[in-house]
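*Asks:* First, the structure itself, so that you have it in front of you.
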Ligand SMILES: Cc1cc2nc3c(=O)[nH]c(=O)nc-3n(C[C@H](O)[C@H](O)[C@H](O)COP(=O)(O)OP(=O)(O)OC[C@H]3O[C@@H](n4cnc5c(N)ncnc54)[C@H](O)[C@@H]3O)c2cc1C
């Protein structure tokens, strides 16, 4: 396979919406991804291994910590951080998820909700990727209704004892630190704790046989009488509403991810159609292929503008959960369509991971589901539009929906749990 194709997707001139710094992040990241990652990543994906050899090189891009300021973090604008996300995802979804779990979930939680001591101790090494972090909210029994999590934290002499199970936790097999979300046994409130790799009582086991994001090392976690000191508790987390402070930003970043995947697949398909001939003409000459290509291109422009506007609304303090949920849902739906069209246009080569289109096609499936599934995010937006929470069958006449019924995917309607 030849080098990664040139970028041909940007017909709406996204650059005109960017500051000089944001453009610089975008092109610095693009050059790195095309040169260092594109030639080797399909093999890692096939073997379902994480490319550890790339981490020191990625660190040199100074993307660690993204929007956080101080403690060695670059203090990027939200759009600047998103430019790194799309350029990484354009070449590889797994690498973008690896960095987003580290930056936009784990580091962000420490940066926004940790103590000064936790920040000064942990963030500088995390910003340089010497120390990688994971973020554990989901449980085997609590996916979409994550706010009903059951992992427990019991106060004991000098610290806390954690018990429970987590599932799907990205980076967790090798991360130095895992942010564990748990419910306090005494008050019932959700808290968060920093658990270091190797702590007795912490077990991580890689989830095998994934068809998507195969380089990301997702783990099942078991916590059995896992003792952590008082200093491991994040003082800024006192209920699930504090989780939402982090999810509000990470969901924006996830809404950008399909944009990057779609750009890469479009660029790949565009080049392929021009190069391959059938029936004496390049595939690009056939009208049906051009229709597919322009449908992909139109989706990319719309997805980009949705995600860009979402980021700007957040920066202006005008973003609500429903708009964020709608954008994440819509961009993953359109992203799936772009993946399917690209896969069709490559014919048989569209099902071979070497061409990167099949890899992105599969990776899109995980993004459709994580950070709130397509359906649950659509229902969060639907609640805003209709005033009816459709997460659960409507209650019988005269009986009000309980807040517990409505507490979905970090979107709890309980005022106590909201920002
Ligand atoms: C590759 C990958 C990486 C991940 N990384 C992390 C991570 O690093 N950290 C972390 O904490 N979590 C992570 N997750 C977990 C992810 O956030 C959950 O998978 C997601 O929230 C969905 O939960 P679930 O898989 O249990 O599905 P379920 O909640 O069981 O949903 C199954 C289906 O039912 C639908 N559904 C559920 N409830 C309703 C309802 N009320 N109304 C209508 N439809 C409904 C869903 O939309 C879905 O179609 C990851 C997941 C994946 C796949």
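Every number in this text was worked out from the coordinates using simple rules, so none of it is lab data. Computed from a predicted structure; not experimentally measured. Glycine gets a Cβ as well: all are built from the backbone with ideal geometry, and neighbour counts include every protein chain shown.
*Asks:* Hey, with R₀ at 30 Å, roughly what FRET efficiency would residue 49 and residue 128 work out to, going by the Cβ-Cβ distance, to 0.05? Don't jump to the answer; show the numbers that get you there.
*Replies:* Numbers: r = 23 Å, r/R0 = 0.75.
With a Förster radius of 30 Å, E is 0.85.
*Asks:* Could you work out how far apart the two model spin labels at residue 141 and residue 392 are, taking each label as a point 7 Å from the Cα in the direction of the beta carbon, and quote it in nm?
*Replies:* About 1.6 nm separates the two model spin labels.
*Asks:* Going by a ≥ b ≥ c, the root eigenvalues of the Cα gyration tensor, does segment 290-338 fall in the rounded group (a/c under 1.5), the prolate group (a/b larger than b/c) or the oblate group? Please report the intermediate quantities before stating the final value.
*Replies:* Details: a/c = 5.26, a/b = 2.21, b/c = 2.37.
Oblate shape, in that a/c is at least 1.5 and b/c is the bigger or equal ratio.
*Asks:* Most fluctuating residue of 382, 64, 114 in a GNM of the chain with Cα springs under 10 Å: which is it?
*Replies:* 382
*Asks:* Ok, one more. Between rounded, prolate and oblate, where does segment 25-152 land on the alpha carbon gyration tensor, with a ≥ b ≥ c its root eigenvalues, rounded for a/c under 1.5, else prolate if a/b exceeds b/c?
*Replies:* On the way: a/c = 1.89, a/b = 1.23, b/c = 1.53.
Cα axes put segment 25-152 in the oblate bin.
*Asks:* Quick check: residue separation of residue 13 and residue 277 times 0.36 nm, minus the Cα distance between them. What number comes out in nm? Please list the in-between numbers first.
*Replies:* Details: separation 264, 0.36 × 264 = 95.04 nm, distance 3.03 nm.
Roughly 92.0 nm would be gained on extension.
*Asks:* Which residue, 113, 129, 61, has the most motion in a Gaussian network model of the chain that connects Cα atoms within less than 10 Å?
*Replies:* Result: 61 has the largest fluctuation of those listed.
*Asks:* Would you mind computing the Rg to Rh ratio of the chain from its alpha-carbon coordinates, Kirkwood style for Rh? Walk me through the numbers on the way to the answer.
*Replies:* Details: Rg = 21.5 Å, Rh = 21.9 Å.
The Rg/Rh ratio comes out at 0.98.
*Asks:* Report, in degrees rounded to the nearest 10, the 0 to 90 angle that the Cα long axis of helix 240-275 makes with the longest principal axis of the chain.
*Replies:* The two axes meet at around 10 degrees.
*Asks:* With springs connecting C-alpha atoms under 10 Å apart, model the chain as a Gaussian network and identify which of 267, 189, 145 has the largest mean-square fluctuation.
*Replies:* In the Gaussian network model the winner is 189.
*Asks:* Another question, if that's okay. Cα axis of helix 357-369 to longest principal axis of the chain: angle in degrees, 0 to 90, nearest 10?
*Replies:* The answer is roughly 30 degrees.
*Asks:* Per-residue ellipticity at 222 nm for the chain, helices alone: DSSP H runs ≥ 4 residues times -39500 (n - 2.57), over residue total, nearest 500 deg cm²/dmol? Walk me through the numbers on the way to the answer.
*Replies:* Values: 13 runs with 185 residues, N = 419.
The per-residue figure over the chain is -14500 deg cm²/dmol.
*Asks:* Then there's this: Please give the Cα centre distance for segment 187-260 versus segment 38-93, rounded to the nearest Å.
*Replies:* Distance between centres, Cα-based: 19 Å.
*Asks:* Explain nothing, just the number: relative contact order of the chain, from Cα pairs under 8 Å at least 6 residues apart, as a whole percent. Mind dumping the intermediate values first?
*Replies:* Details: 785 pairs, mean separation 72.7, N = 419.
Dividing the mean separation by the residue count of the chain yields 17 percent.
*Asks:* Label-point separation (nm) for residue 309 and residue 248, each offset 7 Å from Cα along Cα-to-Cβ?
*Replies:* About 2.0 nm, to one decimal.
*Asks:* Measure nothing but the geometry: give the 0 to 90° angle between the long axis through the Cα atoms of 321-345 and the longest principal axis through the Cα atoms of the chain, rounded to 10°.
*Replies:* The angle comes out at about 40 degrees.
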